[in-house]
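Notes follow the structure.
Every number in this text was worked out from the coordinates using simple rules, so none of it is lab data. Only a predicted model underlies this, so the values are computations on that prediction, with no experimental measurement involved. Don't worry about glycine lacking a Cβ; one is built from the backbone with ideal geometry, like all the others, and counts go over all protein chains shown.
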Amino acid sequence: QSYKGLEVTLTKRMTNHWQMLAGYTYSKNRIDDISVDLSPNFLINASGPIGGDSAVAGSSRCSGCGASNADRPNQFKLTGVYIAPWHDIIFSGNFSSQQGGPITRQISRAVGFGTNQIINLEPMGSRRLPTLNKIDVRVGKVFRFGTKTLETTADFDKDRKSTRLNSSHANISYAVFC
């Protein structure tokens, strides 16, 4: 198993009522011809980007493989905050984009009584899930009542995948500070 990556981060610190952080990661997370199973079938198409299907049928082709460690070569994140100079209004937002993880077509074949084995039908990671884009926008207002403050916020989230309907969420909350 090997991981290679490059991360670039740009930061604009808080001046003139706003700040921003941008980051881009280019990486490769691969597995090459590793098998802990005794069957040579696990070595069929066993090299490629690590995907969620690298851990198969109780056996793992590598330690630490799986969906949480899937190869996502391109990732981008942008976060910003603007504090309006009037009326204590805060605007903030987040945008993130992750290239979809790799997937591999597989079949399950019986190799004995009550025993199945998963065999890759194509090279690992020859297909990818769609890119996942997320947007979160927040607007907040602070109200001051003498020594006490009340903050209200409204959050709007949007997940966008090219293979399913868009989903949106809105949350409105408040907090009282003494």
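How much length, in nm to one decimal, is gained on full extension between residue 22 and residue 95, taken as 0.36 nm per residue of separation minus their Cα-Cα distance?
25.3 nm
Summing +1 for each Lys or Arg and -1 for each Asp or Glu among the other residues whose beta-carbon sits under 13 angstrom from that of residue 90 gives -1.
Taking amide H as placed 1.01 Å from N in the peptide plane, the amide H of residue 124 sits under 5 Å from that of 47, each at least 5 places away or on another chain. With 0.36 nm allotted per residue and the present C-alpha distance subtracted, the residue 79-residue 6 stretch has 24.3 nm of extension available.
May I ask you to derive the FRET efficiency for residue 153 and residue 106 from their Cβ-Cβ distance with R0 = 45 Å, giving the value to the nearest 0.05?
Details: r = 45 Å, r/R0 = 1.01.
According to the calculation, E is roughly 0.50.
Near residue 154, once Lys and Arg are set to +1 and Asp and Glu to -1 for all other residues with Cβ below 13 Å from its Cβ, the sum equals -2. Distance between the 7 Å Cα→Cβ label points at residue 131 and residue 14: 3.2 nm.
Each peptide in 99-107, 142-150 was scored by the mean count of other Cβ atoms within 10 Å over its residues; highest first, the order is 99-107, 142-150.
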